[in-house]
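Asks: The structure that follows is given in the form of structure tokens.
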Amino acid sequence: MPTVDLDMRDKRLNRIIPADADIEIISAGHRFLEGPAWHCYENHLRFSDILGNATLQWSEADGLSVYRSNSHMANGNTYDREGRLLSCHHASSRVTRMDDEQTMTVLASHYEDKELNSPNDIVVKSDGAIYFTDPPYGRESKVGIPRARELEFNGVYRLEPSDSTLTLLAADFNRPNGLCFSLDETRLYINDTPESLIRVFDVEGDGSLANGRLFAKTGGDGPGGPDGMKIDSEGNLYCCAAGGLHIFGADGQLLGRLRTPMQVTNFTFGDEDLCGIYLTGITTLYRVRARIAGIPLF
């Protein structure tokens, strides 16, 4: 296996990814991968093949299988606090929950009687509230079904699962994409793909957002813009962007990039110790072993 290609900007990167780490191909030959989510109790990875219209599952023990066919072009995935899979769907403009292996519940599909654009990425706060981004990519031909949009803005939303209240939190993004909370959940990071930047907001007691400001800009050579994003157990922020995986300290300083063989759209932490970094390239799923663990999704 080839070793990683690190673009080091700060010596702190040495504590995260060893220079001699391998970049391993887990699965290849897909059409457009996204939305990896690790189940930390069953030790498997679920991820989307948007253009393949399927949610796939992989584990060290059982290899690759189809978890859900006809996924409505699912994109981002995560788990709620009860370990149920939540998904964003490009083809149906919905956010859903799998209550068991057969039963899907629609959690959100409209805002003020208008269809959502195409929910993209999704996170869950420890109190169960669901936050998701809603750019229009799923209404375009590259990774969706071309159709007119009903909303004039690309929003960020909070969904209250107890009563399905959907609250618009921000409408001033060009195209919001990846999002993640800080370790103490007092801040929410949201990136904007065309603008090549990451913003950070204070999370208020009622779950609303305030004091939006620039956290970092992403740059560099290679394809891709800000996309999937998470933090590790020490508060470092990782963002798929131009040329690979960009890693920032909690202070917003770019520590460096993990350059990847192809454009990566998203990633998650996995393996029993949560030190595996699983990256969805366009057609290939990769894994790199890190020194710092991620955070379990539930």
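The values are calculated or read from the model by the stated rules, or taken from the named source; none is laboratory data. The structure presented is a predicted model; accordingly, all values stated were derived computationally and were not measured. Neighbour counts are summed over all protein chains in view; Cβ atoms, including those assigned to glycine, are modelled from backbone coordinates with ideal geometry. All accessible areas refer to the heavy atoms of the entire protein, side chains included, with ligands and DNA or RNA removed. Shrake-Rupley method; radii C 1.70, N 1.55, O 1.52, S 1.80 Å.
Asks: Could you compute how much accessible surface THR284 exposes when probed at 1.4 Å, giving the result in Å² to the nearest 10?
Replies: 10 Å²
Asks: Can you check what the net charge comes to around LYS114, using other residues whose Cβ is under 15 Å from the Cβ of LYS114 (Lys, Arg +1; Asp, Glu -1)? Kindly include the intermediate steps, with their values, before the conclusion.
Replies: On the way: positive: ARG94, ARG139, ARG147, ARG149; negative: GLU112, ASP113, GLU115, ASP134, GLU150, GLU152.
Result for the local shell: -2.
Asks: Let me ask you something else. Under a Cβ-Cβ cut-off of 12 Å, what is the net charge of the residues other than MET1 that fall near it, where Lys and Arg count +1 and Asp and Glu count -1?
Replies: Result for the neighbourhood of MET1: -1.
Asks: Then there's this: Give the shape of region 116-198 as rounded, prolate or oblate, defined through the alpha-carbon gyration tensor: a ≥ b ≥ c are the square roots of its eigenvalues, a/c under 1.5 means rounded, and otherwise the shape is prolate if a/b is larger than b/c and oblate if not.
Replies: Details: a/c = 2.16, a/b = 1.43, b/c = 1.52.
Here region 116-198 falls in the oblate category.
Asks: I'm a student and want to see the number: the projected area of the Cα convex hull of region 196-298, averaged over all directions, in nm².
Replies: Working: hull surface 28.6 nm².
Its average projected convex-hull area is 7.2 nm².
Asks: Continuing with the same structure: Out of these labelled values of percent of Cα pairs over 32 Å apart, (1) 17; (2) 45; (3) 40, which was calculated from the coordinates shown here?
Replies: Only one listed value fits the structure, namely (1).
Asks: State, as an integer percentage, the relative contact order of the chain based on alpha-carbon contacts under 8 Å between residues 6 or more apart. Let's see the in-between values first.
Replies: Details: 864 pairs, mean separation 55.0, N = 298.
Contact order relative to length: 18 percent.
Asks: Rg (Å, one decimal) plus Dmax (Å, integer) for the alpha carbons of region 70-216?
Replies: 14.4, 42
Asks: Let me ask something additional. Between region 201-260 and region 72-143, what is the separation of their alpha carbon centroids in Å?
Replies: Taking the Cα centre of each part, region 201-260 and region 72-143 sit 22 Å apart.
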